[in-house]
Amino acid sequence: MKKFAPSSPHSPLEDWPQYVIFDYGEPGKFVVDMNLADMESTARALVAPGKGILAADESSGTIEKRFKSIGVASTEENRRAYRELLFATPGLGESISGVILFDETLRQKASDGTPFVELLKKQGIVPGIKVDKGTKALAGFPGEKITEGLDGLGERLAEYVKLGARFTKWRAVITIGPGIPTRTCLQANAHALARFAALSQEAGLMPIVEPEVLMDGAHAIEWHFEVTVAALKLVFEELFEHRVALEAMLLKPNMVVSGKDCPRQASVKEAAEMTLRCLRQAVPAAVPGVVFLSGGQSDTQATEHLNEMNRLDNTPWQLSFSFGRALQAPALKSWKGDPKNIKAAQTALHHRARCNSAARSGKYESEMER
Ligand code: 13P
């Protein structure tokens with residue numbers, strides 16, 4: 001599969017040069033020899049039946065917050081030890097297809113000297129990398145954020161390829177509040193996501209595009225629905241403008257849920273139905289998979305929602321997970337920074353991974369939690 005831009009002056013689309021033809025042998029000017037087939041198979045492997053992604057790409061600031069909750073100092077060695085615990089979990093590869101790493105982690109090794117990338121590969125897990133540099137205040141738009149990290153991204157991606165990463169992730173954050181989000185914020189973030197995805201595909205790294213509409217706030221689920229539809233539509237418009245091959249990417253959206261502080265909390269069924277309706281309105285069928293973030297839902301809630309969606313209906317995309325907190329929270333609590341607790345922490349992670357694996361086919365049941 002190759003990407004072409006129109007070259008024939010007789011092309012019916014000559015005034016509209018945004019289209020992509022997939023290897024039908026049409027005359028066309030070769031744009032860039034990306035390895036689309038490889039990226040497409042990476043995307044498909046990551047959403048293989050029964051499997052999902054472990055997001056372990058907490059930035060230095062975020063991991064410090066997580067460690068603080070268990071009274072552990074965020075030193076480089078503690079971060080390394082914790083990630084080793086996660087990645088060395090026996091049988092993790094049965095339900096985890098890929099792990100998203102942070103820059104520091106991609107370069108680290110297990111205590112026996114095995115690079116983490118190799119450790120993951122031995123488990124049959126594909127290593128990926130978070131490449132955004134976090135969010136900053138969006139100038140002129142109080143309360144809104146823009147994700148940074150495009151400057152020099154091409155060079156960083158080339159290094160990540162050498163370090164063994166096979167896919168990338170970029171997270172945009174949309175906040176709901178009085179008068180926000182604005183269209184400008186949605187558009188600026190969609191644009192950055194598309195530029196990231198285009199650069200990533202050019203480097204041969206399959207991009208995971210993550211526009212997260214936060215569940216923080218007292219908004220009703222209907223408002224979360226409206227904003228998520230708008231955000232996703234703009235994201236796919238920009239991906240189209242930037243000639244991103246939809247077959248060779250994954251979407252990582254929020255589920256549509258009630259705001260955390262909303263007095264009326266939607267049921268699991270409502271949230272699942274509204275999330276599916278939202279995705280159908282905004283996500284092209286060419287995208288191989290949707291891998292949800294957990295976004296501050298409890299671990300069991302995130303699993304229940306995923307399960308319900310997979311029970312409800314057939315969708316054109318695989319519906320899977322790319323959870324951070326909803327996979328790691330019980331493991332982190334069990335570990336508490338003590339090497340004696342490693343086994344218990346690994347058991348906790350393995351259990352959550354198994355529950356979410358069952359939810360991939362709507363086969364999760366609350367009895368599994370006992
Ligand atoms: P959560 O599942 O904890 O929301 O994390 C997913 C993630 O990767 C955020 O960027």
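The values are calculated or read from the model by the stated rules, or taken from the named source; none is laboratory data. Since we're looking at a predicted model, the values are computed, not measured. Heads up, the Cβs are rebuilt from the backbone with ideal geometry, glycines too, and the neighbour counts pull from every protein chain shown. The accessibility values were calculated without ligands, DNA or RNA, using every heavy atom of the protein model including side chains. Shrake-Rupley method; radii C 1.70, N 1.55, O 1.52, S 1.80 Å.
Couple of notes before you dig in:
- Surface calculation, 1.4 Å probe, protein heavy atoms: residue 109 sits at approximately 110 Å² accessible.
- Area of residue 242 that stays accessible when all protein chains are in place (1.4 Å probe, Å², to 10): 60 Å²
- In a simple Cβ point-charge model (Lys, Arg +1; Asp, Glu -1; nothing else charged), the chain has a dipole of about 1000 debye relative to its Cα centre.
- Whole-angstrom gap from the stretch 52-124 to the stretch 159-178, using each part's C-alpha centre: 16 Å
- Electrostatic bookkeeping for residue 187 treats Lys and Arg as +1 and Asp and Glu as -1; over the other residues with beta carbon under 10 Å from its beta carbon, the sum is -1.
- Rounded to the nearest 20 debye, the dipole magnitude of the stretch 158-204 is 80 debye, with +1 charges on Lys and Arg beta carbons, -1 on Asp and Glu beta carbons, and the Cα centre as origin.
- Less than 5 angstrom separates the built amide H of residue 171 from those of 132, all sequence-distant by 5 or more or on a different chain.
- Over the stretch 106-177, equivalent-ellipsoid semi-axes from the Cα gyration tensor in Å: 32, 14, 10
- Rounded to whole Hz, the Karplus (6.51, -1.76, 1.60) HN-Hα couplings of the stretch 118-124, x for glycine and proline: 6, 4, 5, 4, 4, 7, x
- For the stretch 46-87, backbone nitrogen atoms closer than 13 Å to the point 7 Å from residue 361 Cα along Cα-to-C-beta are found at 48-51.
- Computed about its Cα centre, the charge dipole of the stretch 209-360 is approximately 760 debye, with only Lys, Arg, Asp and Glu carrying charge at their Cβ.
- Remark: the residue 159-residue 121 segment gains 11.8 nm on full extension, using 0.36 nm per residue and subtracting the alpha carbon distance.
- Of interest is the spacing of the C-alpha centroids, which for the stretch 222-270 and the stretch 323-367 amounts to 26 Å.
- Residues of the stretch 156-194 falling in the label zone of residue 241, defined by backbone nitrogen less than 15 Å from a point 7 Å along Cα to beta-carbon, are 183-194.
- Within the chain, antiparallel bridges make up roughly 20 percent of the DSSP beta bridges whose residues both belong there.
- Rounded to the nearest 500, the 222 nm mean residue ellipticity of the chain from helices alone is -13000 deg cm²/dmol, with -39,500 (n - 2.57) taken per DSSP H run of at least 4 residues.
- Geometric descriptor of the stretch 252-312, per residue, is 85 Å³ (volume of the convex hull of the Cα atoms).
- Evaluated at q = 0.06, 0.09 Å⁻¹: base-10 log I(q)/I(0), Debye formula over Cα of the chain: -0.22, -0.49
- Most mobile of 139, 218, 43 in a GNM of the chain (Cα contacts under 10 Å): 139
- Close amide H pairs (under 5 Å, H built 1.01 Å from N) link residue 321 with 53, 292, residues at least 5 positions away or on another chain.
- With all protein chains modelled, accessible area of residue 80 [1.4 Å, Å²]: 40 Å²
- Residue (of 97, 312, 235) at the positive-pole extreme of the chain, dipole from beta-carbon charges: 97
- For the stretch 80-237, the share of alpha carbon pairs falling in successive 5 Å distance bins from zero is 2, 9, 17, 17, 15, 13, 12, 9, 4, 1, 0 percent.
- Helix screen, the chain: DSSP H segments with Cα axial length of 18 Å or more and mean Kyte-Doolittle hydropathy at least -0.5 are 183-202, 221-241, 268-282, 342-359.
- The stretch 146-251 - share of DSSP beta bridges that are antiparallel (%, nearest 5): 10 percent
- Full-extension gain in nm, residue 264 to residue 148, via 0.36 nm per residue minus C-alpha separation: 38.3 nm
- Sequence-distant lysines (8 or more away, or on other chains) whose Cα lies within less than 25 Å of residue 136: 65, 68, 145, 169, 233, 252, 260
- DSSP-defined beta bridges in the stretch 90-206 - what % are antiparallel, rounded to 5: 40 percent
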